[in-house]
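K.L.:
Take this structure, written in structure tokens, and hold onto it; I'll ask about it next.
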Amino acid sequence: MIEVENARPGQKEPGWREMVAPYRRANHWLSLWQVANSVIPFFVTCYLMYLSLGYSYWLTLALAPLASGFHTRMFIIFHDCGHGSFFKSNKANAIVGTITGIFSFTPYYHWRHLHALHHAAVGNLGKRVEDEILPLTIKKYAQTNGDILTLTVKEYQQLSDWEKLVYKFYRHPLVLFVIMPLFLFLVLHRFAHPGIGKRERYSVLGANLALLLIHAGLIALIGWQSLFLVEMPILFLSASIGVWLFYVQHQFEETYWEKEGKWSFETASLRGSSYYKLPKILQWFTGNIGFHHIHHLSPRIPNYYLEKCHKDNRLFQQTRPINLLLSLKSAFLRLWDDEQQRMVGLAAAKVPVAQKPIQRD
């Protein structure tokens, strides 16, 4: 349990709910300004990429990271709308969320439902979630709600050789951050999960129809070659960035996993969600999502108040930050070690659990 260290003598220490309460409010003008400084520059940069095709495709590719940055920022707006935190009005959240979701290749209501399950289960070994691509023998550890499947060392040791090979492939950085992102946004998001509600299924159909009409219009206007050359680099980069951010927010060495009976929502938020301390320019493009420990504790805080909430409360500052260089190590962590209470690489599974020394901080 993380505790506040500076409570005044004789004064009741505020709980985290009291701490986050002042920030759980949308600011209409700040939200509109964020839409303007994200959506408009994105389409302007896309247009410049199209114009650059007549000069050099290297120039087109040079503009792609900037367009992907604005595209990532659009997804953060979509994300906040899904939590009902971007606008005070549920209708406004639904409208803006649906539109930004279409341009993010993500159906709004379908994603919102699955993402809520992620928030309710993060760090809970009894409610692990994953994409629906693994063999049934490995799915026994999971539900199909959208997260990256994580096995414990003991569970991995009990797999067959074939299952271990599949898990290694699934968790390989090349698969997770290069192959999987495009597959996720272009293919998996085009289908509704089994057992999902009617509104969620309709949101998938609606997003697919909107994408079909938009792409048909663009192909008629500029041709499929130009569309492909502009769109694919943006999608590849922004999808990879999005999956990486989602990954590093929970897949780091000192994260938190616990059995269902002992699982704590507060601890899962403050210890199992990272404080990803990025350079200011990257923090801006990623919409403050690096303050993920606060976001998981209170998803109703809009992204533009997360940093202030962090700075104003010592409780949240006690979450150890992960910088950009340190986060790269997370890409090679594949298993949760119950004994050491940390994420480890696959090599740890080669040592019998009973013989492994327990490391203490």
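The values are calculated or read from the model by the stated rules, or taken from the named source; none is laboratory data. All figures in this text were calculated on a predicted structure; none of them were measured in a lab. Here Cβ is always computed from backbone atoms with ideal geometry, including for glycine, and neighbour counts include all displayed protein chains. We work out accessible area using only protein heavy atoms, side chains counted, and drop any ligands, DNA or RNA first. Shrake-Rupley method; radii C 1.70, N 1.55, O 1.52, S 1.80 Å.
K.L.:
From the list ILE281, ILE294, ILE358, ILE301, which one is modelled with pLDDT of 90 or more, open to solvent by 10 Å² or more (accessible area, probe 1.4 Å) and not polar (S, T, N, Q)?
P.N.:
Only one candidate passes the filter, namely ILE281.
K.L.:
Does VAL204 satisfy the condition of being more than 29 Å from ARG17 (Cα to Cα) and either among the basic types (Lys, Arg) or in contact with a His (Cβ under 6 Å, 6 or more places away or on another chain) (or both)?
P.N.:
When the stated conditions are applied, VAL204 passes them.
K.L.:
Scan region 33-56 for residues that are surrounded by 14 or more Cβ atoms within 10 Å (Cβ to Cβ) and either assigned to a helix (DSSP H, G or I) or among the charged types (D, E, K, R) (or both) and report the count.
P.N.:
Count: 12.
K.L.:
Another one. Within region 218-230, which residues are open to solvent by less than 40 Å² (accessible area, probe 1.4 Å) and either farther than 18 Å from GLY54 by Cβ or not aliphatic (A, V, I, L, M) (or both)?
P.N.:
Once the filter is applied, which keeps residues that are open to solvent by less than 40 Å² (accessible area, probe 1.4 Å) and either farther than 18 Å from GLY54 by Cβ or not aliphatic (A, V, I, L, M) (or both), region 218-230 yields GLY223, SER226.
K.L.:
Which of the residues belonging to region 101-123 are of a type in the set (Val, Ile, Thr) and farther than 24 Å from ILE294 by Cβ?
P.N.:
Hit for region 101-123 is ILE102, nothing else.
K.L.:
Now for a separate question. Out of curiosity, is PHE191 at pLDDT 80 or above and in contact with a helix residue (DSSP H, G or I) (Cβ under 6 Å, 6 or more places away or on another chain)?
P.N.:
no
K.L.:
Something else now. Which one of these is on the phi < 0 side of the Ramachandran plot and at pLDDT below 95: LEU114, LEU211?
P.N.:
Step by step, each of LEU114, LEU211 is checked, and only LEU114 is on the phi < 0 side of the Ramachandran plot and at pLDDT below 95.
K.L.:
Among (1) touching a helix residue (DSSP H, G or I) at 6+ places or on another chain (Cβ under 9 Å); (2) in contact (Cβ under 8 Å) with a residue 24 or more places away in the chain, where does GLU254 come up short?
P.N.:
(1)
K.L.:
What helices (runs of 4 or more DSSP H) lie completely within region 251-331 and have 1 or more residues being over 16 Å from the mean Cα position of the chain (by Cα) and over 22 Å from GLY15 (Cα atoms)?
P.N.:
Fully inside region 251-331 and qualifying: 280-285, 324-327.
K.L.:
Would it be correct to say that PHE78 is under 22 Å from LEU237 (Cβ atoms), in contact with a Gly (Cβ under 6 Å, 6 or more places away or on another chain), outside any loop (DSSP other than H, G, I, E, B) and among the aromatic types (Phe, Trp, Tyr)?
P.N.:
For PHE78, the condition - under 22 Å from LEU237 (Cβ atoms), in contact with a Gly (Cβ under 6 Å, 6 or more places away or on another chain), outside any loop (DSSP other than H, G, I, E, B) and among the aromatic types (Phe, Trp, Tyr) - is met.
K.L.:
Looking only at region 172-214, count how many residues are open to solvent by 40 Å² or more (accessible area, probe 1.4 Å), more than 24 Å from LEU117 (Cβ to Cβ) and part of a helix (DSSP H, G or I).
P.N.:
Here the count works out to 7.
K.L.:
Hey, another quick one. Is it the case that region 227-234 has a residue that's assigned to a helix (DSSP H, G or I) and among the charged types (D, E, K, R)?
P.N.:
Yes; the residues of region 227-234 include at least one that is assigned to a helix (DSSP H, G or I) and among the charged types (D, E, K, R).
K.L.:
For region 64-85, which positions are over 16 Å from the mean Cα position of the chain (by Cα) and either open to solvent by less than 10 Å² (accessible area, probe 1.4 Å) or free of Cβ contacts under 8 Å to residues at least 40 places away in the same chain (or both)?
P.N.:
Within region 64-85, ALA64, LEU66, ALA67, SER85 meet the criteria.
K.L.:
Same structure, new question: Residue under question is PHE236, and the condition is that it be in contact (Cβ under 8 Å) with a residue 12 or more places away in the chain and within 14 Å of the chain's Cα centre (by Cα); does it hold?
P.N.:
Considered against the rule, which asks whether it is in contact (Cβ under 8 Å) with a residue 12 or more places away in the chain and within 14 Å of the chain's Cα centre (by Cα), PHE236 comes out as no.
K.L.:
Right, another one. I'd like to verify a number: residues in region 86-105 that are outside any helix (DSSP H, G or I) and crowded, with 24+ Cβ neighbours inside 10 Å, how many?
P.N.:
2
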